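Reviewing the structure listed below.
The values are calculated or read from the model by the stated rules, or taken from the named source; none is laboratory data. As the structure is a prediction and not an experimental result, all values here were calculated from the model. With ideal geometry, Cβ positions are generated from the backbone for all residues, glycine too; neighbour counts draw on all protein chains shown. Heads up: the accessible areas ignore ligands, DNA and RNA and are worked out on the full protein's heavy atoms, side chains in. Shrake-Rupley method; radii C 1.70, N 1.55, O 1.52, S 1.80 Å.
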Amino acid sequence: MTFNRYRRGLFIAAFLAAPVALYLVYVISPYIQAFYISMTDWRGVTASPAFIGFDNFVRLFNDGNFWKAVQHNGALLLLLPLITIVIALFFAFLLNVGGAKGNEGIAGSKFYRVVFFFPQVLAVAVVAVLFQQVFRPDGSGMLNAPLMSLGLQPIGFLSDSDVAFWSVLGVMVWQAVGFYVVLFSAGLASIPRDMFEAAQIDGAGRVSLFFRITLPLLWDTVQVAWVYLGILALDVFAIVWVMTDQHGGPDWSTTVMAAEIYRNAFGYFRFGYASALGVVMFFFTVGFAFLSLRLSRRERIEY
Amino acid sequence: MPHTPHLSRRELLRGAALVPVAGALAACATPQAPPAASGSAAPAATSAANPFGVAGDKPLEVWIFDGGFGQDYAKNIHQPLYKSKYPGAEIKHNATKEITKVLQPRFAGGNPPDVIDNSGANFMDFGALSQDGQLQDLTALLDAPSWDDPNVKVRDTIDQSVIDIGTYDGKFSVLGYVNYIFGIWYSQKAFRENGWEPPKTWDEFLKLCETIKKSGKMAPFTYAGKHPQYLYEPLVTLAAKIGGNEVMVNIDNLEDGAWTSEPMKTAATAWAEIGAKYLMQGTAGLDHVQTQTAQNKYQVAMLPSGSWLENEQKTTTPDDFEYGMFTLPDLTGSDKLPYGTIHTSPGENFIVPSKSANPQGGMEYLRAMLSKKAAGDFSELVRTVTVVKGAGEGRQLSPGVSSATAAVTTAGENVVYYMWERWYAQLKDECKAATGELMNGGLTPEKYLERMQKKADEIKNDSSIKKFTRS
């Protein structure tokens with residue numbers, strides 16, 4: 001028996017060796033090195049950086065731009081999951097059980113399902129460049145052209161520092177919704193149809209159907225979505241870097257932690273300092289994951 | 001046979017799998033000390049014809065920034081010239097739009113190439129390179145005989161500002177090859193047809209803007225709103241014109257109150273008024289290509305730019321557009337510097353990494369580039385002005401280049417330049433952000449300058465940022 005157990009362990013280890021090795025080399029080891037680099041004054045070009053202890057961390061406490069970035073990440077962390085989940089739930093409900101009969105989708109739901117998923121298929125960089133055109137401030141902008149033909153002033157979606165953050169949030173929601181519609185649809189499919197039918201016989205309308213049946217039974221899926229979207233909000237980079245003016249502008253109004261790290265490393269050549277920012281971001285992310293796992297412990301509803 | 005060392009197939013595989021893991025762990029992100037014997041390998045003997053002692057058979061690796069000027073000039077003009085003298089040398093030509101991404105790891109690994117055109121939006125920070133001793137001291141190049149005439153030193157064939165600006169820590173280490181000439185650009189044809197005149201005073205400038213606005217034919221003024229460095233250039237230059245060269249010197253040296261000085265206030269207020277009244281609609285959200293193309297379509301009359309503009313726009317400019325450039329008008333009757341004062345700055349910055357395999361060859365390549373033939377051919381090919389004196393003589397120049405060259409001649413000694421945007425990248429980014437807000441009306445001139453002063457003070461007090469000074 002013990003031999004068999006040994007063989008079995010070996011068998012599993014053999015399969016795990018490659019992924020674990022890759023994980024160690026490409027994820028864990030760079031993390032550890034980043035902790036070391038964050039305590040040096042490395043500027044990226046020399047071979048022998050000097051150790052300076054926690055100077056970089058002291059410095060980042062007074063870095064206004066970095067804390068602006070943290071605020072933006074924080075706002076995204078609250079708003080992105082909230083808005084995305086509300087919209088996705090609404091669409092998923094309409095596509096699956098929102099029809100007149102109460103147990104199937106509204107007319108044309110198969111078509112919409114495909115359309116909603118389109119943004120998810122596009123690469124982030126493509127989305128960013130696409131929306132630069134959509135948001136153009138002159139007559140060739142998709143959103144501003146109708147406004148201007150109505151005689152209104154064009155809106156500086158990306159050039160007005162009061163508006164730009166909301167434009168970024170809008171694009172992120174637009175891109176994320178499709179995936180969560182699919183996720184929630186799958187969740188809905190696993191709810192027995194007779195629950196909806198029984199509720200309808202009792203006289204429940206669409207609204208109470210949604211709040212009394214759909215939402216409670218989907219709660220697990222919603223929590224998963226919350227964690228995914230929270231992580232997306234914390235490590236957002238490409239959409240900001242590619243789409244916004246001055247990479248996180250105008251006037252730092254859309255900058256995020258990852259953008260500040262990139263700017264300090266590859267713009268200012270302060271790799272040590274950028275690593276320190278990275279270390280701080282690491283703790284924010286780990287903290288978020290820890291909190292969300294703690295808060296989402298809840299009993300499952302069995303059916 | 002229990003004691004014979006026996007390696008099972010499984011153990012062998014296990015061992016083989018671990019070896020690359022260990023290697024990869026060691027080689028990831030952290031910088032490595034370079035192999036000891038790199039760089040200054042024993043040079044060949046020096047002579048008047050070979051001042052740096054170039055080994056004629058050593059390969060030369062060249063990296064060109066593939067931007068507005070392309071890379072053909074290096075392949076078809078500079079490299080054949082080098083090759084004609086050292087037929088045995090193999091030239092490895094490379095070009096990229098992303099200098100930093102491609103070459104930063106080479107520096108960190110201790111094997112940088114021999115010549116780099118460190119330009120473009122993603123160039124490597126000169127301060128960082130200099131701080132780490134990565135830049136070859138090019139003083140020897142200045143003192144070497146020029147390519148064309150052994151009796152004339154290289155130092156005497158180029159503009160003095162190139163040497164001033166390319167000097168880091170007392171060592172001349174960066175060779176700007178192109179002379180960027182800044183001013184306000186317009187279409188000579190449009191101005192002629194509408195009876196508009198390039199303004200000499202700020203009042204005339206405002207009146208001209210008003211006339212153009214009222215005419216309804218086009219918007220008076222625009223700039224690359226997404227890249228406000230296009231606007232802080234005339235702003236700081238105007239301040240220097242009002243208050244003299246020391247305005248720029250003080251800003252460069254991070255002097256207390258340099259940004260909040262009176263000339264800066266006057267200049268910021270003047271440009272904020274243009275921002276409030278005369279900008280083309282949507283300017284804030286457009287980039288340099290979009291605004292320049294709008295000018296080519298006669299949708300806007302004037303924009304601030306530099307002497308690379310004509311080449312950059314060659315595909316969208318109508319044949320009879322006739323680019324022209326005027327220098328900043330007099331703001332007060334008592335400006336310290338006279339009308340015609342001009343801001344020039346060497347660009348396309350070539351460096352020779354000190355730890356490269358063939359720095360002697362790198363310097364020789366730069367010496368070849370500074371020959372009259374190389375510089376003249378370059379000027380003609382990419383329609384621009386080089387830093388080599390007289391290289392444009394007898395050449396066919398385009399209207400924009402002639403206009404800019406004439407402006408330099410008019411300016412004479414009244415040439416100004418600034419270094420802060422090169423020395424302190426953080427200050428540049430803050431100035432971009434704040435200038436955009438100033439022009440949109442989001443910041444008053446006073447608040448704008450206070451913000452800039454605050455950032456300058458922050459940099460001054462940050463011991464991790466290397467400081468430079470000039471006079």
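One table, with the values for the structure above:
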| item | result |
| --- | --- |
| Relative contact order of the range A:63-295, pairs being alpha-carbon contacts under 8 Å that are 6 or more residues apart, as % | 28 percent |
| Amide proton proximity set for B:Asp137, modelled H, under 5 Å, gap of 5+ | none |
| Accessible area of B:Glu246 in the full protein assembly, 1.4 Å probe (Å², nearest 10) | 100 Å² |
| Cross-link table B:Lys153/B:Lys454; B:Lys97/B:Lys466; B:Lys336/B:Lys389, entries beyond 32 Å C-alpha to C-alpha | B:Lys153/B:Lys454 |
| B:Ile91 long-range amide H proximity, modeled H, under 5 Å | B:Leu60 |
| Per principal axis, descending, Cα span of the range A:63-295 in whole Å | 66, 51, 26 |
| Translational diffusion of the protein assembly as shown, µm² s⁻¹ [Kirkwood Rh, Cα pairs; Stokes-Einstein; 4 °C; 1.567 mPa s] | 43 µm²/s |
| Percentage relative contact order, the range A:116-178, counting C-alpha pairs under 8 Å, at least six apart | 34 percent |
| C-alpha center-to-center spacing [the range B:139-175, the range B:57-96] in angstrom | 21 Å |
| Normalised contact order of chain B, rounded percent, pairs of Cα under 8 Å and 6 or more residues apart | 24 percent |
| Centroid-to-centroid separation of the range A:196-243 and the range B:223-267 [C-alpha atoms, Å] | 53 Å |
| Shielding by other protein chains, A:34-43, mean Cβ within 10 Å | 3 |
| From phi via Karplus (6.51, -1.76, 1.60), per-residue ³J(HN,Hα) for the range B:319-336 in Hz, x at Gly/Pro | 4, 9, 5, 6, 4, x, 9, 10, 8, 4, x, 5, 8, 10, x, 10, 4, 5 |
| Stokes-Einstein translational diffusion, the range B:122-268 - Kirkwood Rh over all Cα pairs, 1.306 mPa s, 10 °C, in µm²/s | 83 µm²/s |
| Ranking by accessible area, most exposed first, for A:Arg206, A:Arg212, B:Arg367 with a 1.4 Å probe | A:Arg212, A:Arg206, B:Arg367 |
| Residues whose placed amide H lies under 5 Å from that of B:Ile158, excluding near-sequence neighbours | B:Lys389 |
| Inter-chain shielding of B:207-213 (mean C-beta neighbours from other protein chains, 10 Å cut-off) | 0 |
| Calculated [θ] (222 nm, deg cm²/dmol) that DSSP helices of n ≥ 4 give over chain B, each run adding -39,500 (n - 2.57) | -12500 deg cm²/dmol |
| Members of B:Lys241/B:Lys297; B:Lys200/B:Lys447; B:Lys85/B:Lys372; B:Lys214/B:Lys277 lying beyond 21 Å, as alpha-carbon distances in this model show | B:Lys241/B:Lys297; B:Lys200/B:Lys447 |
| 14 Å Cα-Cα reach of B:Lys217 towards aspartates and glutamates, excluding residues that sit fewer than 8 places from it in its own chain | B:Glu193 |
| Part-to-part distance (alpha-carbon centres) for the range B:369-385 and the range A:114-161, which is given in Å | 43 Å |
| Average other protein chain Cβ within 10 Å of Cβ, residues B:422-432 | 3 |
| Axial C-alpha extent at least 20 Å, average Kyte-Doolittle at least 1.6 - helices from chain A (DSSP) | A:164-189, A:271-295 |
| Cα gyration tensor, the range A:1-159 - rounded (a/c under 1.5), prolate or oblate | oblate |
| By accessible area with a 1.4 Å probe, ligands and nucleic acids excluded, highest first: order of A:His247, B:His288, B:His343 | A:His247, B:His288, B:His343 |
